[in-house]
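Below is one structure, written out as structure tokens; comments come after it.
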Amino acid sequence: MKLEGEIHIKGSAAFPNVVLETASHQSWELVGVPLDEARGLVGHEVTVEGAVIKAPGQGVWLPSFRVDGKPRPSAP
């Protein structure tokens, strides 16, 4: 599965989360993207490939997605 969107880092300094926000404003926690790598991508549109860990739905605060490989810049 692929997701496209903008990379953000949310949460506190002690508990940061790498998050991808899609064009429809849905946020996904990205599992497997190192924080140092994500910092260089903040505000950029990327494509990630992987698998859903926790799907969006009732009672799910933040869906999560396991990223295989590295985020790639999205085509303009």
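What follows draws every value from the coordinates through simple rules; no lab data is involved. What you see is a predicted model; the values in this text were computed from it and never measured. Because the Cβ atoms are built from the backbone with ideal geometry, glycine has one as well, and the counts that use them run over all protein chains shown.
Assorted remarks:
- Relative contact order of region 2-73, taken over Cα pairs closer than 8 Å and 6 or more residues apart, is 33 percent.
- Extension gain for K54-V31 works out to 7.2 nm (0.36 nm per residue, less the C-alpha to C-alpha distance).
- Lys, Arg +1 and Asp, Glu -1 on Cβ, resulting dipole of region 1-69 about Cα centre, debye, nearest 20: 240
- Summed side-chain charge close to T22 - residues other than T22 whose Cβ falls under 9 Å, Lys, Arg +1, Asp, Glu -1: -3
- Fully extending the segment from E4 to R39 would add 10.9 nm, taking 0.36 nm per residue of separation and subtracting the current Cα-Cα distance.
- Cα-based radius of gyration for the chain, normalised by 2.2 N^0.38 Å, reads 1.01.
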